[in-house]
Amino acid sequence: MKKFLAIAMAAVLSLSLAACGGASSSTASSAAASSEAASTAASSEAASASTTAYDYSSYTGETIDAIKAKGKLVLGTEAQYAPFEFKDLDANFVGCDIWLAQQIADALGVELEVMDMAFDGIIPSVKSNQVDIGIAAFTVDEERAKEIDFTDMYQKDEQMLIVKKGNEEVYTTKESLAGQQVGAQRGTTQSKLIQSALPDSTLFELDKWPTLAMEVANGNIAAIVVDGAVGESLIATNDGIAQANFTFSAEEANFGKAAVVAKGKDDLKELVNAVIANVTADGSFQAAYDEAVELAGTLGV
C-alpha cells in the first residue's frame, strides 16, 4: 500500500488548487489544549547533512528577526500520528515532521521547542502566536487557508480505508458503506472526506487514531479513513484490522501535506518553502520519512 511521494515546489503554493479536505475547528481553544513543551534535536543523520548544505542567511524579515531574538522556533504539533510525529521510548519527539521542523530551526540558527497539543488546537495556536509554526501532517485545503497560510507541500499520501480483519472484501464500494459508521479523527480532513465522498455513511469521530482503530477491531464501527502511512502503522500494531479493497478517486482524495503559519508572516513562509524545496529535492526528507516508519514499527505505534 505504501505509495509515498515527496515533492518539491519552487513557488508559493497556489490556493487555486482543488481542495479535498476540511477545516480544523476554529472554535478550539489553545488554552484548553493539552500542551507539553520540550526542546528536541533531530535524530536522523540526514539532518546534519541538510542543515550544513544550504545557506539561509539571506532570508530576513520581521518574523524571522523575532524568532532569532528569542532564540527558538516554537512548533505546534500532535505527537500521536506516526510516522509523522510521535514519541520514542525516552519521550523524545520524533518523526519526519519533527525532523522537518528541526531543519527549519537549524536554518534560522535557533533551538526547536515542541508544543504537543490537540490537533484542532494547533491552528488557533498559530493564529494567536502561541506557536510560530504548525507541522502535523496538515492537508492543504481552502477552508483552512482562510485562517492561516500554507507553505509549499512536502509530502503526498493516499487515503486508506481500514476495516475489521475479515471484512476486506465486504466494504469495497461506497454502496457497501451506506448506513455504516465510518470513523476519523476529530477536526481532520478525513472527517470532511467521509462526509463528501461517503454521504450515505455516518461520520464517527474521536480524538485519537489508535482509539478509532480499536473501535473497528471491536466491530463497533465499520471502518476508518486515514492517511496511508498512518494506516500502515495502525495495521502493524493491531491484529484486528486490515486495509479494505477500497480506493478513493484522485479527485476525492489527492491530499498534500504542508506546514501552516499565521497570515502576514511571509518572510517565515519564504524561508520554510526554501527548506522544503531543498530537503525534498536532495532526498533527505524521504530518508527521514523512511527512518520514522522503521522506528514506529519497532515501537509498535
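The values are calculated or read from the model by the stated rules, or taken from the named source; none is laboratory data. For clarity, every value in this text was computed on a predicted model and none was experimentally measured. Neighbour counts run over all protein chains shown; Cβ positions are idealised from the backbone, glycine included. We work out accessible area using only protein heavy atoms, side chains counted, and drop any ligands, DNA or RNA first. Shrake-Rupley method; radii C 1.70, N 1.55, O 1.52, S 1.80 Å.
Considering segment 189-200 alone, what residues qualify as being among the polar types (S, T, N, Q), out of contact with any Ser or Thr (no Cβ under 8 Å at 6 or more places or on another chain) and within 15 Å of residue 123 (Cβ to Cβ)?
191
Only one of these conditions is not met by residue 191: (1) small (Gly, Ala, Ser); (2) in contact with a strand residue (DSSP E or B) (Cβ under 9 Å, 6 or more places away or on another chain); (3) at negative phi; (4) open to solvent by 10 Å² or more (accessible area, probe 1.4 Å). Which number is it?
(4)
So, in segment 97-113, how many residues would count as being out of contact with any strand residue (DSSP E or B) (no Cβ under 8 Å at 6 or more places or on another chain) and under 17 Å from residue 293 (Cβ atoms)?
Here the count works out to 1.
Condition first: in contact (Cβ under 8 Å) with a residue 60 or more places away in the chain, under 14 Å from residue 182 (Cα atoms) and of a type in the set (S, T, N, Q). Now tell me which residues in segment 202-245 satisfy that.
Within segment 202-245, 243 is the sole residue that qualifies.
Listed here are the residues, each with its yes/no results for (1) at pLDDT below 95; (2) of a type in the set (Ser, Thr, Tyr).
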{"position": "53", "(1), (2)": "yes, no"}
{"position": "56", "(1), (2)": "no, yes"}
{"position": "66", "(1), (2)": "no, no"}
{"position": "71", "(1), (2)": "no, no"}
{"position": "101", "(1), (2)": "no, no"}
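Which members of segment 154-188 meet the condition of being open to solvent by 70 Å² or more (accessible area, probe 1.4 Å), modelled with pLDDT of 95 or more, among the charged types (D, E, K, R) and part of a loop (DSSP other than H, G, I, E, B)?
Correct list: 165, 169, 174.
Out of segment 223-269, which residues are within 20 Å of residue 191 (Cβ to Cβ) and touching a Gly at 6+ places or on another chain (Cβ under 6 Å)?
Residues satisfying the conditions are 224, 260.
Taking segment 255-276, which residues are open to solvent by 10 Å² or more (accessible area, probe 1.4 Å) and in contact with a Phe, Trp or Tyr (Cβ under 9 Å, 6 or more places away or on another chain)?
Residues satisfying the conditions are 267, 269, 270, 274.
If only one of 115, 214 is within 16 Å of residue 230 (Cα to Cα) and either among the aliphatic types (A, V, I, L, M) or in contact with a His (Cβ under 6 Å, 6 or more places away or on another chain) (or both), which one is it?
The match here is 214.
Is there a residue in segment 217-239 that is of a type in the set (Asp, Glu), open to solvent by 20 Å² or more (accessible area, probe 1.4 Å), over 17 Å from the mean Cα position of the chain (by Cα) and within 29 Å of residue 54 (Cβ to Cβ)?
Looking for residues that are of a type in the set (Asp, Glu), open to solvent by 20 Å² or more (accessible area, probe 1.4 Å), over 17 Å from the mean Cα position of the chain (by Cα) and within 29 Å of residue 54 (Cβ to Cβ), one finds none in segment 217-239, hence no.
Can you pull out the residues in segment 49-101 that are open to solvent by 20 Å² or more (accessible area, probe 1.4 Å), among the acidic types (Asp, Glu) and not in a helix (DSSP H, G or I)?
55, 88, 90
State the number of residues belonging to segment 102-136 that are open to solvent by less than 10 Å² (accessible area, probe 1.4 Å), small (Gly, Ala, Ser) and either touching a residue at least 60 places away in the same chain (Cβ under 8 Å) or part of a strand (DSSP E or B) (or both).
Counting residues in segment 102-136 that are open to solvent by less than 10 Å² (accessible area, probe 1.4 Å), small (Gly, Ala, Ser) and either touching a residue at least 60 places away in the same chain (Cβ under 8 Å) or part of a strand (DSSP E or B) (or both) gives 4.
Could you check segment 190-301 for strands (runs of 3 or more DSSP E) lying wholly inside it with 1 or more residues that are within 29 Å of residue 133 (Cβ to Cβ) and touching a helix residue (DSSP H, G or I) at 6+ places or on another chain (Cβ under 6 Å)?
202-206, 223-227, 255-261
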